[in-house]
Amino acid sequence: MKRLFLFILMSSLLTYCWAGDNKQKTIKVKSSEQFLKAINSDTRIIVEKDLLDLTEALQTLDTYNESGYNAAVSASKEYDGLSIHICNVKNLTIEGKKPDTHIQVTPRYADVLYFQSCENISLKNLKMGHTKTGDCIGNVVTLNDVNNIDINNCKLYGCGVIGIEATKTNNLFVQNSEIYDCSTFSLSFTETNNSTFTNCSIHDNDNGMIFFGCAGTTFNSCSFNDNRSSFCSNSSSENIIMNKCVINHSHEYNNRRITFNNCVTEFTGEEYYDDIEEDEEEEEDAFDDQLYPWDKTKGDITLKDMELVANTPFLSEADKNSLSNRYYSRAIAMFMKYRNNFNEKDAQTTLDLLTGEPVTLKSSELLTLKRVRSIQLTNYGIFIYNYFPCRIINDNSTLVFNKYSGSQRKWGYLYRQEDKLAAFTGCYYIEGNSPTYFNDEHFLEIGVMKKTKSGKFVLLILEDDKFELLEFIK
């Protein structure tokens, strides 16, 4: 325990040393173009203009390329515009000359600030979010493989899907800051360690917080008010501690793996237990022991077919194509049967995904997919939902897919085969419950995933008289 305390203390000291590093070159900017041009290592950017809208200025940047060299800042193409991508930068400070210096973007799919593989980043006196029109798909701040980041005296607001989404990030310090009005989660952390929030206000978000495989998350003198739905979902995370916090939440809450020290708590709804780690143990037992307790045909493909895909690494190319083709062919036949019930736009979107020619599907590509939307077809029509956050992670060499937001959720395994096919076996569950239904036929789902020639990632799940297409984006 002493060693852990010393490690956290030293990490904190190191973090605050770099935040004031005098090696930085100071650049004062008064426009979005100047701001983008100034982003680089060993740089302190002071934003002197009250509002920077990055939307148009991003068009001047090179396009981000996942497989090749990128400048310190580039533009990532999203569905409705461009998103900033800050990559491989060290010792960078972005500071508003005055409190609430505003940085915003217009595209709904864009993140306001996205950092990848960066180190020693400091954000101060900033107000960050999307322009107030429509629903959002992008986050406010995204951190991917970032070490040492300090966010001080900042406001992060929705409609951003998530206030701060951090993946494989270490030493995150947030102080005197506010996160509010986000449409899914205030915080979403995956494999992120040593995070400290001090004197922060987290309020009016559609959900609370979610943690996957994290360690050392501490909240000191923070307030949580009027966040809807679950307060905190915690999957396989350790040492989540709340010290002297004030919590007012619309659901009763009981989680034995979060420590509350001298906190004032008021939960005003039905009691529920959000202790996912224990559920996961039951889930794994159910999956191992009872995954195939029945042999029910779903369309032209059976559970035995899926077992064959999952357990036969040397399945022939002809067999794999036949399996995939049978599955998608039945969905196309169903589509044609009900064709006259659909409007033209939705019908074309669905048909393009169903008939898209499959190309090589790489596991590394699947791990980059962060959002998914559901397209559901029945004899009554086609129903297309908005995009929601999801994740595909590598858990001991097994790909796990989880749609963890929205009222309809999914969890299960993707069995990656060579070339063009991934088989999905999993379940759906409802918000507020845990995915423990592998031993219940009514919740089991199986599917086939492909990447189309046009770059679409599609998972098809068939039922007797309807189907669901999940379309993934990064």
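Structure values in brief
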read-out	value
Separation of the ASP226 and LYS337 label points, Cα + 7 Å toward Cβ, nm	4.9
Karplus (6.51, -1.76, 1.60) ³J(HN,Hα), θ = phi - 60°, over region 382-394, in Hz, Gly and Pro reported as x	10, 10, 10, 9, 6, 6, 10, x, 8, 8, 10, 10, 9
Stretch gain in nm, segment VAL359-GLU48, where the contour uses 0.36 nm per residue and the Cα spacing is subtracted	107.1 nm
Positive minus negative residues near GLN59 (Lys, Arg vs Asp, Glu; Cβ under 15 Å)	-4
Packing-based exposure ordering (other Cβ within 10 Å, fewest first) of ARG330, ARG108, ARG339	ARG339, ARG330, ARG108
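No value in this document is a laboratory result; all are computed from the given coordinates. Please read these numbers as outputs of a predicted model, since none were measured by experiment. Positions of Cβ are backbone-derived with ideal geometry, glycine not excepted, and every protein chain shown enters the neighbour counts.
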